[in-house]
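Step one of this worksheet: look at the structure below.
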């Protein structure tokens, strides 16, 4: 049976027919044909959709858009927007769901925008816009009034810690690089941002690139570097373009190059692009990549501050770390240190994703609780379902259950709870999430991205993935939980770099807080969240099925049989658990067990 | 050229940039700003920008400055379009498809009537 990417049901209830739905169907089909979409979008009539007083009406799957009150004139526009561009036509939808817009009416006063202060407010391709917002005033102050040591002291007093995930003291890193004997030093900006779903760095690179450049130039002055690199992942072409424009303009304005601000300080920088390797976000692998070698980490010491790029002392910091520097210089270290907790000063950007109502980028001071982030800033769980867990820090982060909702967010406390800060990814999970599947998902990602250099990571994560996959497929064994625990300890202790060391975190945290789910999968072969396909089955409830044949017609593997107006039956041996029958059924007759 | 050789140079450029802004505000010019970060473009901001420019050209509207900006962080509301008329407060619209562009240009930009149904109030 041909598989259509979209199915359209046109209501042919007598009331809708009376309102012209037959013409709607004809003109829909004709318009789709003329746009060459007839093979992708299937149009069929259906006995009843339900809102016939607002007819003619159609239902578009898989999204479930319900268009009402259609006229033949609406069809060409509808086809172009909905089927060609994939955008729903709001004015034709049944009572427009504008709750998202209304929910944003309470401004989230919990946010403090430091790094993101200019994003969305200036034209990133115009350096003058940045200068109008006091851009490069920090650099001017530093070059004309401060010595390199004084700059490092300011950064130290602010308490700035690296925002890439490790949270190492920025001033200490700068000082170490500065103190290493030698004439040549390098500055690198880590803009690889590989965590799936994280885009904090991208927002800054695309929206306020000069803040990063200014931070790097100040760092270069403090450390005594002459050349810098921005290592940006190739998957961010717009960020690369915006950076190129910014660098060009900065050079034109004499802010990069020889004798900046008429002083003896000269510094310039280049962009280098990544090529899709998550591990190249790790500092030594990144350096290897710039050097033209395969992106593999190496043992430390020696740290890059002592021997880094091309064997020279190198300071490598994250985009966000640099973006904070100009503000610290302009507003003073005390201002920065007044925000946050005792050991984690300042603010942090987070990419809030998952099952929250308001996903997107936020910036909050350290010390704010998870509850405030998820419910106040994020607007709560989508569809008002229950909260199950929040994962912080990206694929090497841990999942924290509801008992941690009042945990103030800072480096130490997240670590103690079994997770990490990471670069700022935060994925919220509702009650319909399977935690075993989540662990499997992240281990699969890490396994894919492992560079393969060391055995604990290369082989260890593969073994973990095999075990987790078996469990999700219903073939878990009683000894699997202990085996996972043992593997986790070994992989963490013996891996060469942070990727391997952090790889067991999703497994360890889900085992610790959601052990019952693992046991249910292994012993009872049950996935209570009804996610793991091998452990669920789809059935039709004979009490609700009216025999409209909709499910049978939409089933991609043709496993539903039944006559018109008679109860239909799903063949469990053929069923692939795709869920389409449940989506298209208007009578809630499909059950997942 | 614009080479900054001293603190005074920087101050001068800053003042010029601020003056340019003030001029745009007081001269009665209207600013239309389209979010063109990756999230915006993924949501169709290029079409939105095109619709804005085409509308201005078709109706020959004078005194309009169209610029772009990056990601504000409300990625679910992209494409985002902002309108600033002279000294009035910036109004931010969400989910601005080319079709909604026409509504906003006609009502807000030309007649000065904010299109409440599409507004998303921002903080700060």
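The values are calculated or read from the model by the stated rules, or taken from the named source; none is laboratory data. Because the structure is a prediction, the values reported are computed rather than measured. Backbone-built Cβ (ideal geometry, glycine too); neighbour counts: all protein chains shown.
What the table shows:
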read-out	value
Subset of the stretch A:199-221 (residues that are surrounded by fewer than 23 Cβ atoms within 10 Å (Cβ to Cβ) and either modelled with pLDDT under 95 or assigned by TED's automatic domain parsing to the domain that holds residue A:394 (or both))	none
So residue B:11, is it modelled with pLDDT of 85 or more, within 10 Å of another protein chain (Cβ to nearest Cβ) and out of contact with any strand residue (DSSP E or B) (no Cβ under 9 Å at 6 or more places or on another chain)	yes
Residue tally, condition surrounded by fewer than 24 Cβ atoms within 10 Å (Cβ to Cβ) and in contact with a helix residue (DSSP H, G or I) (Cβ under 9 Å, 6 or more places away or on another chain), over the stretch A:310-323	1
Residue B:100 vs. criteria closer than 27 Å to residue A:109 by Cα and either at the interface with another protein chain (Cβ under 7 Å from one of its Cβ atoms) or buried (at least 20 other Cβ atoms within 10 Å of the Cβ) (or both)	no
Any chance residue A:276 is surrounded by fewer than 24 Cβ atoms within 10 Å (Cβ to Cβ) and without any contact (Cβ under 8 Å) to a residue 24 or more places away in the chain	no
Residue check for residue A:531: touching a helix residue (DSSP H, G or I) at 6+ places or on another chain (Cβ under 6 Å) and outside any helix (DSSP H, G or I)	yes
Residues located in the stretch B:100-113, provided they are under 16 Å from residue B:58 (Cα atoms) and in contact (Cβ under 8 Å) with a residue 12 or more places away in the chain	B:101, B:102, B:103, B:104, B:105, B:109, B:110
Restricting the stretch A:330-355 to residues that are touching a helix residue (DSSP H, G or I) at 6+ places or on another chain (Cβ under 6 Å) and within 14 Å of another protein chain (Cβ to nearest Cβ), the residue that is surrounded by the most Cβ atoms within 10 Å (Cβ to Cβ)	A:349
Residue list for the stretch A:554-564, filter: closer than 15 Å to residue A:580 by Cα and buried (at least 17 other Cβ atoms within 10 Å of the Cβ)	A:554, A:555, A:559, A:560
Answer from A:109, A:158 - the residue that is away from every other protein chain (no Cβ under 11 Å) and either touching a residue at least 60 places away in the same chain (Cβ under 8 Å) or over 25 Å from residue A:273 (Cβ atoms) (or both)	A:158
Check on residue B:73, more than 30 Å from residue A:144 (Cβ to Cβ) and over 14 Å from the mean Cα position of the chain (by Cα)	yes
Lone qualifier among A:193, A:214 - being at positive phi and outside any strand (DSSP E or B)	A:193
Unique match (being touching a strand residue (DSSP E or B) at 6+ places or on another chain (Cβ under 8 Å) and surrounded by fewer than 18 Cβ atoms within 10 Å (Cβ to Cβ)) among A:572, A:506	A:572
Condition met for residue B:80 (within 12 Å of chain A (Cβ to nearest Cβ) and either under 29 Å from residue A:256 (Cα atoms) or modelled with pLDDT under 85 (or both))	no
Filter result for residue A:95 (closer than 30 Å to residue B:76 by Cα, at pLDDT below 80, within 37 Å of the chain's Cα centre (by Cα) and within 14 Å of another protein chain (Cβ to nearest Cβ))	yes
Extreme residue, surrounded by the most Cβ atoms within 10 Å (Cβ to Cβ), among residues of the stretch A:452-476 that are in contact with a helix residue (DSSP H, G or I) (Cβ under 7 Å, 6 or more places away or on another chain) and not in a helix (DSSP H, G or I)	A:476
Search result, residues across the stretch A:7-40 that are assigned to a loop (DSSP other than H, G, I, E, B) and farther than 21 Å from residue A:554 by Cβ	A:19, A:20, A:35, A:36
Tally, over the stretch B:85-96, of residues that are buried (at least 20 other Cβ atoms within 10 Å of the Cβ) and either under 13 Å from residue B:30 (Cα atoms) or more than 14 Å from the chain's Cα centre (by Cα) (or both)	2
Enumeration of residues in the stretch A:378-402 that are crowded, with 24+ Cβ neighbours inside 10 Å and part of a helix (DSSP H, G or I)	A:394, A:395
Candidates B:106, B:57, B:113 - the one that is surrounded by 14 or more Cβ atoms within 10 Å (Cβ to Cβ), away from chain A (no Cβ under 14 Å) and farther than 23 Å from residue A:204 by Cβ	B:106
Residue match in the stretch B:38-50 (condition: within 7 Å of another protein chain (Cβ to nearest Cβ) and in contact with a helix residue (DSSP H, G or I) (Cβ under 6 Å, 6 or more places away or on another chain))	yes
Cβ pairs under 9 Å, 6+ apart, first in the stretch A:526-551 and without any contact (Cβ under 8 Å) to a residue 24 or more places away in the chain and assigned by TED's automatic domain parsing to the domain that holds residue A:567, second surrounded by fewer than 15 Cβ atoms within 10 Å (Cβ to Cβ) and assigned to a loop (DSSP other than H, G, I, E, B)	A:547/A:563; A:547/A:564; A:547/A:565; A:547/A:566; A:549/A:563; A:549/A:564; A:549/A:565
Residue check for residue A:486: closer than 30 Å to residue A:319 by Cβ, over 23 Å from the mean Cα position of the chain (by Cα) and not assigned by TED's automatic domain parsing to the domain that holds residue A:204	no
Flag if residue A:82 is buried (at least 20 other Cβ atoms within 10 Å of the Cβ), within 14 Å of chain B (Cβ to nearest Cβ) and modelled with pLDDT under 85	yes
